[in-house]
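K.L.:
Would you mind keeping the following structure in view while I ask a few things?
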Amino acid sequence: MINTEQNEIEELISSEEFFKPVRKHSNRIQLDSEEDYRTLYERSVNNIGEYWSSVASELEWFKQWSTPLEGDLGGFKFFVNGYTNVSFNCIDRHAKRDPQKTAIIWLSEDGLRQSVTYSELMVLTAKFAKGLIEEGVKEGDVVAIYLPNRIETFIAAHACFRIGAIYNIIFSGFSAKALLDRIKETNPKVVITADSTVRRGRKINLKETLDSILGEVPSVKRVIVVKRDGKHDLKMGKNDIYYDDFMSKITGCSDPIPIEANTPGFVIYTSGTTAKPKGVVHSGIGFLVGAYHNVKYALDLGPDDVYWCTADVGWLTFPIFELVGGLAHGATVVAYEGALDFPDIGNFYRIMQELKITKLFTAPTFLRMLARNGSDVASRYDLSNLKLISLVGEPLDVKTWKWVFNDFGRGKIEINNTYGQTETGSAWTSSLVGVTSARPGSCGLPLPGHAFDIVDDTGKSVGDEKIGTLIIKKPFPTLARSVWKDAQRYHKEYLSVFPGNYCTYDSAVRDKYGHIWVLGRTDDVINVSGHRISTMEMEDAIMSIEEVSDAAVVGIDHEIKGMSTVAFVTLSNNANLRANLGKRVQDEIVRRIGNYARPESVYIIPEMPKTRSGKIMRRLLREIITKGKVTGDLTGLEDPGVISRIVNEIKPS
């Protein structure tokens with residue numbers, strides 16, 4: 001929906017269709033009506049510090065804070081001089097109340113399964129934390145976690161929280177180059193990985209990928225390797241040790257240490273508007289408070305739930321809604337390794353039925369896949385325990401929304417389409433479960449404690465039902481504090497566009513009911529299946545191919561993925577064009593970024609449409625592919641005649 005025209009937006013949001021909550025919320029949510037919500041929201045944004053103090057008070061603290069909020073965007077602190085621990089609040093406090101309650105159920109596409117109770121998780125985490133200390137890891141040191149969704153991933157992350165180490169979780173689907181880009185500058189002392197993972201029946205050798213780049217990361221003194229199935233041994237280096245051997249040599253456990261509320265807790269890399277991915281730094285305690293709040297209202301999650309977040313731990317959705325937010329509410333959470341629809345879509349439904357999942361957090365992409373497979377498949381399984389589906393990643397189209405509600409959910413589930421970013425650390429627009437009505441296609445209402453606006457290019461509020469850029473006006477605890485080792489970049493990218501405000505780079509509309517409709521990116525970052533991909537990062541990969549003189553990548557609508565990518569290339573003068581250029585472009589992007597970034601098509605064009613300043617006008621390329629012509633403004637083009645030449649000569653490689 002990027003660059004959607006205003007009249008199309010007005011048609012989209014003009015619907016008077018509302019879906020009221022199908023069931024009442026639990027007593028965890030102390031609101032009974034939309035009027036209650038609006039009263040709370042106004043009170044919260046008028047006194048941000050006081051509101052977030054009330055949220056933080058629902059958790060356990062070692063030392064109460066002296067000041068609720070200090071500073072503003074660009075230099076804020078919450079709960080100043082307050083001390084607690086993420087691991088303690090997510091694991092220990094539940095282990096003490098209900099030690100035998102199942103904390104995590106792990107299963108994989110090839111039939112492996114394991115579960116741990118909160119008591120077992122506490123001991124394993126405390127033991128691993130002690131082992132990290134024995135390896136010389138101190139508060140503020142970095143530990144890299146290059147693992148798929150596994151119980152050991154929870155243990156490693158919470159062990160870091162427990163001792164004040166900063167963890168850096170890297171998506172296990174990344175190529176060696178992308179892994180190196182996201183690990184090198186943090187200088188980790190320890191890396192935790194697995195020998196392999198599985199995806200659609202294929203083994204992916206994580207340890208081999210890690211080994212291929214470790215020579216460029218001299219800070220690493222220890223690599224801890226999880227044996228995925230225990231059936232084979234690897235070639236182990238002098239700094240390598242198997243996870244089981246590492247745990248067996250540890251004596252004793254580490255208690256959770258008090259951590260000041262604004263101390264960095266983790267770094268997670270996200271694609272930006274330049275070729276270099278940026279490490280977004282989050283406060284551990286701030287993230288805990290915000291994720292707890294987010295899950296409370298977006299899921300109404302509690303100890304009575306069996307809950308499944310289908311995201312990968314390498315994307316922030318999983319830490320928000322499961323690793324931290326899910327455990328903070330004491331639920332039984334499900335972690336799945338592999339492809340949800342392998343060997344067929346029945347795999348997903350069988351898990352839902354067998355585990356009696358009550359709440360599901362997934363991506364619009366996956367719901368579109370379910371819809372494509374039809375209602376007949378869904379009707380074969382007992383999904384009667386399911387109460388709620390929440391989702392994030394990109395807007396959920398109205399057609400799929402209604403299929404999920406009527407066919408998949410049989411009119412008995414609540415659907416909550418949310419919106420957030422890696423940088424915001426939460427899905428801060430959302431329905432409030434059991435309280436507010438849903439509008440198919442919208443991202444709900446702003447959660448309490450989140451002040452925002454939608455503005456034009458001058459920073460002036462556009463009002464309701466007008467397209468503008470979504471900005472954040474006041475800080476909240478999960479908002480990123482900086483970019484790793486580059487505070488100037490944080491200020492330049494997020495705080496300088498609309499001074500005094502945080503720029504999301506997303507275009508949006510607020511309808512007359514207050515619901516927010518996020519339309520797409522205003523910059524050149526593309527969202528494919530919930531993964532943010534920098535066009536600059538992709539173009540940098542393409543430009544490494546000898547024959548290519550210029551490259552541009554655009555996003556186009558995709559029935560299943562929401563968006564997909566298309567690449568355009570121009571050739572160097574007198575280039576000796578070798579065969580299969582398109583495939584080589586795709587392969588290079590996969591090598592440097594990952595398979596999820598593979599472009600759908602690669603087109604050779606005679607020249608790029610550029611402005612007088614040399615900027616490629618990607619929106620025109622998008623129009624040529626989607627409409628076969630350009631109807632937009634051409635006044636910025638250096639040579640308007642280039643459009644007809646591209647249309648006449650465009651051909652896939």
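K.L.:
If you scan the range 283-326, which residues turn out to be over 12 Å from the mean Cα position of the chain (by Cα), open to solvent by less than 10 Å² (accessible area, probe 1.4 Å) and either of a type in the set (A, V, I, L, M) or at pLDDT below 95 (or both)?
P.N.:
Ile285, Leu288, Val289, Ala291, Val295, Ala298, Leu299, Leu301, Leu323, Val324
K.L.:
Let me ask something else. For the range 451-485, which positions are more than 19 Å from the chain's Cα centre (by Cα), assigned to a loop (DSSP other than H, G, I, E, B) and under 29 Å from Ala56 (Cα atoms)?
P.N.:
If the condition is that a residue be more than 19 Å from the chain's Cα centre (by Cα), assigned to a loop (DSSP other than H, G, I, E, B) and under 29 Å from Ala56 (Cα atoms), then Ala451, Lys473, Lys474, Pro475, Lys485 are the ones that fit.
K.L.:
Filter the range 36-59 for residues that are acidic (Asp, Glu), closer than 28 Å to Tyr83 by Cβ and out of contact with any strand residue (DSSP E or B) (no Cβ under 9 Å at 6 or more places or on another chain) and give the result.
P.N.:
The answer is Glu58, and nothing else.
K.L.:
Give the range 177-213 a look and list any residue that's farther than 19 Å from Ile241 by Cα and open to solvent by 30 Å² or more (accessible area, probe 1.4 Å), or say none.
P.N.:
Residues satisfying the conditions are Lys177, Asp181, Lys184, Glu185, Asn187, Arg199, Arg200, Gly201, Arg202, Lys203, Ile204.
K.L.:
Just give me the residues in the range 401-415 being surrounded by 21 or more Cβ atoms within 10 Å (Cβ to Cβ) and in a helix (DSSP H, G or I), in sequence order.
P.N.:
Residues satisfying the conditions are Trp401, Val404, Phe408.
K.L.:
Of everything in the range 327-347, what is at pLDDT below 95 and hydrophobic (A, V, I, L, M, F, W, C)? Give them in sequence order.
P.N.:
Ala339, Leu340, Phe342, Ile345
K.L.:
Please verify whether the range 337-346 includes one or more residues that are among the charged types (D, E, K, R) and closer than 26 Å to Gly425 by Cα.
P.N.:
yes
K.L.:
Please indicate, with yes or no, whether at least one residue in the range 362-380 is under 20 Å from Val306 (Cα atoms) and modelled with pLDDT of 95 or more.
P.N.:
Within the range 362-380, none of the residues are under 20 Å from Val306 (Cα atoms) and modelled with pLDDT of 95 or more.
K.L.:
Scanning the range 49-58 for residues that are in contact (Cβ under 8 Å) with a residue 60 or more places away in the chain and over 12 Å from Gly286 (Cα atoms), which turns out surrounded by the most Cβ atoms within 10 Å (Cβ to Cβ)?
P.N.:
Filtering the range 49-58 for residues that are in contact (Cβ under 8 Å) with a residue 60 or more places away in the chain and over 12 Å from Gly286 (Cα atoms), the one surrounded by the most Cβ atoms within 10 Å (Cβ to Cβ) comes out as Tyr51.
Quick grid of which residues meet (1) in contact with a Leu (Cβ under 6 Å, 6 or more places away or on another chain); (2) open to solvent by less than 50 Å² (accessible area, probe 1.4 Å); (3) modelled with pLDDT of 85 or more; (4) assigned to a loop (DSSP other than H, G, I, E, B):
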| position | (1), (2), (3), (4) |
| --- | --- |
| Gly582 | no, yes, yes, no |
| Asp587 | no, no, yes, no |
| Arg591 | no, no, yes, no |
| Gly614 | no, yes, no, yes |
| Arg619 | no, no, no, no |
| Thr626 | no, no, yes, no |
| Asp633 | no, no, no, yes |
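K.L.:
Examine the range 217-225 for a residue that is open to solvent by less than 10 Å² (accessible area, probe 1.4 Å), assigned to a loop (DSSP other than H, G, I, E, B), among the aliphatic types (A, V, I, L, M) and within 28 Å of Arg592 (Cα to Cα), and state whether such a residue exists.
P.N.:
Taking every residue of the range 217-225 in turn, at least one turns out to be open to solvent by less than 10 Å² (accessible area, probe 1.4 Å), assigned to a loop (DSSP other than H, G, I, E, B), among the aliphatic types (A, V, I, L, M) and within 28 Å of Arg592 (Cα to Cα).
K.L.:
How many residues are assigned to a loop (DSSP other than H, G, I, E, B), of a type in the set (Val, Ile, Thr) and closer than 23 Å to Asn168 by Cβ if we restrict to the range 249-270?
P.N.:
Counting residues in the range 249-270 that are assigned to a loop (DSSP other than H, G, I, E, B), of a type in the set (Val, Ile, Thr) and closer than 23 Å to Asn168 by Cβ gives 3.
K.L.:
When you go through Ile169, Ile163 one by one, which is the residue that is closer than 27 Å to Asp587 by Cα, surrounded by 24 or more Cβ atoms within 10 Å (Cβ to Cβ) and among the β-branched types (Val, Ile, Thr)?
P.N.:
Ile169
K.L.:
For the range 60-80: of the residues being assigned to a loop (DSSP other than H, G, I, E, B) and open to solvent by less than 70 Å² (accessible area, probe 1.4 Å), which is modelled with the lowest pLDDT?
P.N.:
Checking each candidate, the answer is Gly74.
K.L.:
Right, something else. Could you check the range 87-149 for strands (runs of 3 or more DSSP E) lying wholly inside it with 2 or more residues that are crowded, with 18+ Cβ neighbours inside 10 Å and touching a Leu at 6+ places or on another chain (Cβ under 7 Å)?
P.N.:
102-108, 142-146
K.L.:
Kindly indicate the residue of the range 556-569 that is modelled with pLDDT under 85 and either in a loop (DSSP other than H, G, I, E, B) or β-branched (Val, Ile, Thr) (or both) and also farthest from Ala371 (Cα to Cα) among those meeting that condition.
P.N.:
Lys561
K.L.:
Would you mind telling me which numbered condition in (1) more than 29 Å from Tyr336 (Cβ to Cβ); (2) crowded, with 18+ Cβ neighbours inside 10 Å; (3) of a type in the set (A, V, I, L, M, F, W, C) Ile257 fails?
P.N.:
Single failed check for Ile257: (2).
K.L.:
While we're here: Consider only pairs whose beta carbons are under 6 Å apart and that are at least six residues apart or on different chains; among these, list those whose first residue lies in the range 479-503 and is more than 22 Å from Lys460 (Cβ to Cβ) and whose second residue is open to solvent by 20 Å² or more (accessible area, probe 1.4 Å) and not charged (D, E, K, R).
P.N.:
Tyr490/Ser482
K.L.:
Please count how many residues of the range 100-141 are in contact with a Lys or Arg (Cβ under 7 Å, 6 or more places away or on another chain) and farther than 22 Å from Asp255 by Cβ.
P.N.:
Number satisfying all stated conditions: 2.
K.L.:
Now, a different point. Can you find, within the range 341-374, the residue that is surrounded by the fewest Cβ atoms within 10 Å (Cβ to Cβ) among those that are assigned to a loop (DSSP other than H, G, I, E, B) and touching a residue at least 60 places away in the same chain (Cβ under 8 Å)?
P.N.:
Pro343
K.L.:
Is it true that some residue in the range 21-39 is at pLDDT below 75, more than 27 Å from Ala331 (Cα to Cα) and open to solvent by 50 Å² or more (accessible area, probe 1.4 Å)?
P.N.:
no
K.L.:
Can you tell me which residue among Asp453, Asp511 is open to solvent by 10 Å² or more (accessible area, probe 1.4 Å) and among the acidic types (Asp, Glu)?
P.N.:
So the residue among Asp453, Asp511 that is open to solvent by 10 Å² or more (accessible area, probe 1.4 Å) and among the acidic types (Asp, Glu) is Asp453.
The values are calculated or read from the model by the stated rules, or taken from the named source; none is laboratory data. In this text the structure is predicted, and so the values were computed from the model without any measurement. So basically every Cβ, Gly included, is an ideal-geometry build from the backbone, and we count neighbours across all protein chains shown. Ligands, DNA and RNA are excluded from the accessible area calculation, which covers all protein heavy atoms including side chains. Shrake-Rupley method; radii C 1.70, N 1.55, O 1.52, S 1.80 Å.
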